[in-house]
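Comments concern the structure below.
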Amino acid sequence: MVVLDAHEESLRTLYDRGLSYQSNSSILQGGIKKWKSGGLNTIWIAAWINPARQQGEAAKSRTLALIKKLNQEVEASRGELVFCDKASDVRNAVASGKIAILLGIEGGISLNDNLDNIRMYRKLGVRRLNLTWNGDLDWAGAAYANPNNRSAKATGKGLNEFGVKVVKTLNNNGIVVDCSHASDQTIQDVLKVSSKPIICSHSNSRTLCAVPRNISDELIREIAAHGGVVGINFYPPHLSKTKSANVDTVVQHIRHVVSIAGIDHVGIGSDWDGIEMTARGLNHAGKFQNLVSALKKAGFSDADLRKILGENFMRVLKENE
């Protein structure tokens, strides 16, 4: 059974602080020991680029450095981690008892406004790209217009002509379009031009928690209608208006997406190592089985669990190849 976390951000901490996935550092919410303890066997790592710190060529250089670090970590794991390029690679790794590693980039700033960089990243094994992080780009609007200020709400900006070319080039090169952090207008524009299913790897329900980073019911339905998946994250300010959340709060968001979009269009994107606080009971990857138990208690069948915990994202990964 593929158990997939679609958004994990530990790579930047490893690179900046000289840590390793083998170290089981208390600084990390993920890592080999915690993933194994929690029953996770497929991790979609995000190479996160902060547009407030890196722009232009510096953003590209940072991305390449993070990718190099990930490759070094896989090599150093002596077979415990397997870098995967396709859905079949993931299944083979999981079947052999390994942890499958998929690569993504969080932040279209990494492209440095050059479509050739999409093709270059694909050759390096990148399988998804978040179009934006916090902060509008020249070619795509974000849920928060300013990377330094989360109270700076979306400007309503969507894709421009270059942004449309980005989406089409991602489609043509087998890179999944990820709209977490994107503005509503950007998501709507992506759905009009993307020939492949898209994802929001780590975005929750705006109906249950009304913040701009979350996804409206209307957009969840549209994403599902195009075959896409919304991954639920574990960040309390995105789970509850009170900013207090536990495992059951995560289950509520999953149930809400299922109720309006169906069981085939929801997954898990924890945002571990990209968040400073987590839902209670999910403070690190070693606690993942708490969520599995809560989903079973909520009445989800084994077939449902296979979809929520991995198969929905695996389908999108395959359909983008």
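The values are calculated or read from the model by the stated rules, or taken from the named source; none is laboratory data. These figures come from a predicted structure and were not determined experimentally. Cβ sites come from the backbone with ideal geometry, for glycine too, and all protein chains shown count toward neighbours.
So here's what we get for this one:
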item	result
Residue among ASN50, ASN71 that is within 17 Å of ARG12 (Cα to Cα), part of a helix (DSSP H, G or I), out of contact with any helix residue (DSSP H, G or I) (no Cβ under 8 Å at 6 or more places or on another chain) and touching a residue at least 12 places away in the same chain (Cβ under 8 Å)	ASN71
Segment 136-162, residues that are part of a strand (DSSP E or B), within 22 Å of the chain's Cα centre (by Cα) and either modelled with pLDDT of 85 or more or of a type in the set (S, T, N, Q) (or both)	ALA142, TYR144, ALA145, ASN146, ASN149
Residue among ARG62, ARG91 that alone is among the charged types (D, E, K, R), in contact (Cβ under 8 Å) with a residue 24 or more places away in the chain and over 24 Å from SER20 (Cα atoms)	ARG91
Residues of segment 301-313 classified as in contact with a helix residue (DSSP H, G or I) (Cβ under 8 Å, 6 or more places away or on another chain) and surrounded by fewer than 21 Cβ atoms within 10 Å (Cβ to Cβ), total	2
Verdict on GLU319 being touching a residue at least 60 places away in the same chain (Cβ under 8 Å) and surrounded by fewer than 17 Cβ atoms within 10 Å (Cβ to Cβ)	yes
Unique match (being farther than 22 Å from GLY286 by Cβ and out of contact with any Gly (no Cβ under 7 Å at 6 or more places or on another chain)) among ARG78, ARG12, ARG62, ARG17	ARG62
Residue count for segment 238-272, restricted to those that are at pLDDT 95 or above and among the basic types (Lys, Arg)	1
Only listed residue being buried (at least 24 other Cβ atoms within 10 Å of the Cβ) and not small (Gly, Ala, Ser), chosen from HIS253, HIS284	HIS253
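Listed here are the residues, each with its yes/no results for (1) out of contact with any Leu (no Cβ under 7 Å at 6 or more places or on another chain); (2) within 29 Å of ASN160 (Cβ to Cβ).
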residue	(1), (2)
LYS196	yes, yes
ASN214	yes, yes
ALA225	yes, yes
PRO237	yes, no
VAL257	yes, no
GLY274	yes, yes
ALA279	no, no
